[in-house]
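Below is one structure, written out as structure tokens; the observations come after it.
The values are calculated or read from the model by the stated rules, or taken from the named source; none is laboratory data. Note that the structure is predicted; figures quoted are calculated from it, not measured. For neighbour counting, all protein chains shown are included, and Cβ atoms are generated from backbone atoms with ideal geometry for every residue, glycine included. Note: areas computed on protein heavy atoms with side chains; ligands, DNA, RNA excluded. Shrake-Rupley method; radii C 1.70, N 1.55, O 1.52, S 1.80 Å.
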Amino acid sequence: MQIKKDLNFTPKYANTPKQTGVNLSLLFAECNQYLFSDSEKMKLCLTNLKKVIPAGDTTNQIKYLHYTALYENQYANYQASYDFFRQGAALLENITIYTEKAEFYIDFVGTCMNLDKLEEAGSLVAKIEQLIQDKPDSLLKPKLLCRQGHWNIKLSDWADATRLLFEALDLFYKNPGLLTITDFHFISLIYSGLGNVYEKTNDPEKSKEAYLNALEICEKHNLKTRIGWYYLSAGNAYAMLGNSNKAISYFKKVLLNTNDLDDIVRASAYANWGHCIYNEHLADTAIGLYDKAQEIYIKNPEKNYNNLALIHKWKGLLFAQAKDYAKASDHYQKALAFAKSTKNFNVLANICEETANLHAIQREFKIAYEYQLLKAEFDEKHAEKANLQTIRELGIKYSTERKKQEIEKLEYQAKALQLRALRAQMNPHFLFNSLNSIQNFIAKNDRDEASTYLSSFAKLMRKSLDYSELETISLEKEVDFLQHYLFINKHLRFRNRMDYKITVSENLVDEDYEIPSMIVQPYVENAIEHGLRGINAGLITLNFDLYNEDTIRVTITDNGIGRTNAAANNNKDPKLQLHKSKGTQITLDRLRMLNSHFQPEELVRLEDNIQTEAGQNCGTKVTVLIPLS
């Protein structure tokens, strides 16, 4: 597989603003290079980035927060990672033009799962699905599937987890030449997830193979920062298979690895190595390894109560075998104290059972009986907790599925509105008059005029059909469509009895803005149909400008008969009122769905133009606020 040299790591964001200079671009490039390979250099890059990002540069602030959150997550500082993601998400919600929202949220899901925030992770997954629905061929899809697979592992849904992870793997390897370092990072996560599934379902052989595949990816592509955990997992798989020598060789690799800053992986390697030797009846050596693990765990006891409980339990077992009952009892008591802090009732029940056995050996049957009663109590609490966990997991899955269905329902409604908008878009007067005019040119044998207008009319119809299938189009295409539409109206329907002018503000010209498709035309048609019909020198003016960083404002002005006279005409001709409800009301419904920040009366505002000297209204102005996509 070949990696594109210019795409070492995503997120791939919009170009750095010119005012930030070349240093910013170089620093972000170094972040790409060092995130998975060199923790110290990555840390230095982030420190320098924080100094040079200009105040108010929201895009690069989000990018910095994204990288920082990823860095913290790499080294198991999950709460810090979450806090940085939350800061970035808050900024992200206030801007629209940000091409890598999906990448940001996909990575945020990983941190949420590491903190067991499964409901929040599920909500983010639903948001990501909506963001990438128009990008089925991108590598965002397998990344999302990878996260969904791990989410199902958290919910103990092994079958769905396996299916999703293999589906992600297949999608990645369909385009091997396009894979980046980040993609290979995700592939290693897929294999480690499969290893976890096979471990939980008691298939150590497949678990071993999956973890070895993850290691191969990391070693081949220099993904150093988490490789220690994969060495540990491979060692655990070999231990499950009863191959202690091979297991120990991988635990030693963990200790030789200098790239992982997480001391917990080293402590776990010492502990599991000791457990392998414990099984080989090398008690003194095992105790020494347990002591080394304990020295690391005790530095941060709140995060390691469960590990410390296991270490003391294993020590207690060794001393019990050596018939040093006093030391065994001391370690069992320490194990109980640590396990109580975590409320791990399964471990507590196991320690109570070993303690009961220890007292029974010493013929202290009353104490042994009391510990057996405690064991039964903890077994009951463990079963109750397991049931509650199952209920919680089902609740999370139900809640996530419900949110997904709600999003799908909204998408369906949006599609239905688009279809209705297409049906209502070109009113029969326009179509009939345009075709009738073209027919007249043909009848007069004016082939050049007929060809010109027929070509323009065909292009307009084609664009109308094409754009109605799209969620969004560029502002440039929207303006081009309106120019075609007004050109046909001017020359064919109104026979040059109307004119038009379209202006686009300078702050919109140099940017590739995307807006919802086919929003403006119904209001232009409404102005023509209700305002200019029946007058000899009609004028339609369209002005596009930036209302705020999330919204474009379109002003449609006509010099027609005004709202009062238009309302009177509507009352005389019901067909005109019907046309208005079909066109502009459907568009307003779409705008309400797309832009919940504004009230309906703010989204579309109608005003009378300046009155004449006689006090009569001269035309109408319609202002439409369109969300950027």
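Let's test the formula: R0 of 22 Å, r as the Cβ-Cβ distance of A383 and K340. What FRET efficiency results, to the nearest 0.05?
On the way: r = 18 Å, r/R0 = 0.81.
Result of the calculation: an efficiency of 0.75.
Does anything in the stretch 462-500 have its amide N under 20 Å from the 7 Å Cα→Cβ label point of D448, and if so which residues?
Those under the cut-off are 488, 491-492, 495-496.
Measuring from a point 7 Å past the Cα of A326 along Cα-to-C-beta, which residues in the stretch 283-319 have an amide N at less than 16 Å?
Output list for this probe position: 319.
If amide hydrogens are placed 1.01 Å from N in the peptide plane, which non-local residues have theirs closer than 5 Å to the one on L539?
Amide H neighbours of L539: D499, N559.
Suppose all protein chains stay in the model; what accessible area per residue would a 1.4 Å probe give for the stretch 104-161, in Å²?
35 Å²
Where the centroid of each part is defined by its Cα atoms, how far is the stretch 190-237 from the stretch 106-161 in Å?
If we compute the Cα centre of each part, the gap is 20 Å.
Name the residue from Y67, N23, I106 whose Cα lies farthest towards the positive end of the charge dipole of the stretch 19-119, charges +1 on Cβ of Lys and Arg and -1 on Cβ of Asp and Glu.
N23
Any idea of the accessible area per residue across the stretch 449-571, 1.4 Å probe, to the nearest Å²?
Heavy-atom SASA per residue in the stretch 449-571 reads 44 Å².
What residues qualify as long-range amide H neighbours of I502, i.e. H under 5 Å apart, gap of 5 or more or another chain, H built at 1.01 Å from N?
Sorted by chain and number, the residues that satisfy this are L542.
So what are the ³J(HN,Hα) numbers for the stretch 231-241, from phi and the Karplus equation (6.51, -1.76, 1.60; θ = phi - 60°), rounded to whole Hz, Gly and Pro as x?
4, 4, 5, 5, x, 4, 5, 5, 4, 5, 7
Could you go through the stretch 291-308 in sequence order and give the Karplus-derived ³J(HN,Hα) for each residue, using 6.51 cos²θ - 1.76 cosθ + 1.60 with θ = phi - 60°, rounded to whole Hz, and x for Gly and Pro?
The phi angles translate into 4, 5, 5, 4, 4, 6, 4, 6, 5, 9, x, 4, 8, 10, 4, 5, 5, 5 Hz.
What percentage of the solvent-accessible surface of the stretch 180-281, computed with a 1.4 Å probe over protein heavy atoms, is contributed by carbon and sulfur atoms?
Roughly 45 percent, rounded to a whole number.
From the backbone phi of the stretch 39-53, what are the Karplus-calculated ³J(HN,Hα) couplings (6.51 cos²θ - 1.76 cosθ + 1.60, θ = phi - 60°) in whole Hz, Gly and Pro given as x?
Calculated HN-Hα couplings, in order: 5, 5, 5, 5, 4, 5, 4, 5, 4, 5, 4, 4, 6, 9, 6 Hz.
If you take the square roots of the eigenvalues of the alpha-carbon gyration tensor of the stretch 302-350 and sort them as a ≥ b ≥ c, do you get rounded (a/c under 1.5), prolate (a/b over b/c) or oblate?
Prolate is the answer for the stretch 302-350, as a/c is 1.5 or above and a/b outweighs b/c.
Leaving out ligands, DNA and RNA, what percent of the accessible area of the stretch 442-497 is carbon and sulfur, probe 1.4 Å?
With neighbouring chains kept in place, the figure for the stretch 442-497 is 47 percent.
How far, in nm, would the chain grow between N436 and L178 when pulled straight, counting 0.36 nm per residue and subtracting the alpha carbon separation?
87.6 nm
Once amide H atoms are placed 1.01 Å from N in the peptide plane, what residues at a sequence separation of 5 or more from I473, or on another chain, have their amide H within under 5 Å of its amide H?
I515, S517
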